[in-house]
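The values are calculated or read from the model by the stated rules, or taken from the named source; none is laboratory data. Source: prediction; values computed, not measured. Cβ placement follows ideal geometry from the backbone for every residue including glycine, while neighbour counts extend to all protein chains displayed. Accessible surface is based on the protein model in full, side chains and every heavy atom, while ligands, DNA and RNA are left aside. Shrake-Rupley method; radii C 1.70, N 1.55, O 1.52, S 1.80 Å.
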Amino acid sequence: MAIRIKTNNPSELLDSIKKSIDSKVIDTWSYDSVGDFTHTPEQWKNKAWLRPNVDINPGELTFGIIGTKEVKLSKFTYGLYHGRFIEMLLNHFDKDFSNVSATADRKSV
């Protein structure tokens, strides 16, 4: 139920992701007023959100997935959100982290 990113400065990486979205360098993700990220292509927008946390483990930025109340989060949506977010990280921030992984367990979602 998480994306885990090993990085020397989790807060700085999170700020860089937001700045890239704000400046339209990244146009396939957005974040809301509480800081949760959603994938912006119309078919995926607001199907789930990735909530960042910089305080769980030192040297790690973690994103937990949140589904909607109305629809149970499917395995496909879970996989797509995790995969596309990791793809974005690799394409834009590969110098800012050493490792990224996704958990396979979505039972807590």
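Can you tell me which residues in the range 73-89 are loosely packed, with under 11 Cβ neighbours inside 10 Å and either outside any helix (DSSP H, G or I) or among the hydrophobic types (A, V, I, L, M, F, W, C) (or both)?
Residue satisfying the conditions is 76 alone.
Matching residues to (1) touching a strand residue (DSSP E or B) at 6+ places or on another chain (Cβ under 9 Å); (2) under 20 Å from residue 91 (Cα atoms):
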{"position": "19", "(1), (2)": "no, yes"}
{"position": "29", "(1), (2)": "yes, yes"}
{"position": "42", "(1), (2)": "no, no"}
{"position": "52", "(1), (2)": "yes, yes"}
{"position": "61", "(1), (2)": "yes, yes"}
{"position": "71", "(1), (2)": "no, no"}
{"position": "76", "(1), (2)": "no, no"}
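So, in the range 55-72, how many residues would count as being touching a helix residue (DSSP H, G or I) at 6+ places or on another chain (Cβ under 8 Å), surrounded by fewer than 17 Cβ atoms within 10 Å (Cβ to Cβ) and among the hydrophobic types (A, V, I, L, M, F, W, C)?
Total meeting the criteria: 0.
Any residue that is in contact with a strand residue (DSSP E or B) (Cβ under 8 Å, 6 or more places away or on another chain), open to solvent by 40 Å² or more (accessible area, probe 1.4 Å) and part of a helix (DSSP H, G or I) - is there at least one of those in the range 90-99?
Within the range 90-99 (the criterion being in contact with a strand residue (DSSP E or B) (Cβ under 8 Å, 6 or more places away or on another chain), open to solvent by 40 Å² or more (accessible area, probe 1.4 Å) and part of a helix (DSSP H, G or I)), the answer is yes, since at least one residue qualifies.
Taking the range 18-51 only, how many residues are assigned to a strand (DSSP E or B) and among the charged types (D, E, K, R)?
1
Quickly run through the range 1-41 and pick out the residues that are of a type in the set (D, E, K, R), in contact (Cβ under 8 Å) with a residue 24 or more places away in the chain and open to solvent by less than 70 Å² (accessible area, probe 1.4 Å).
36 - this is the single residue of the range 1-41 that is of a type in the set (D, E, K, R), in contact (Cβ under 8 Å) with a residue 24 or more places away in the chain and open to solvent by less than 70 Å² (accessible area, probe 1.4 Å).
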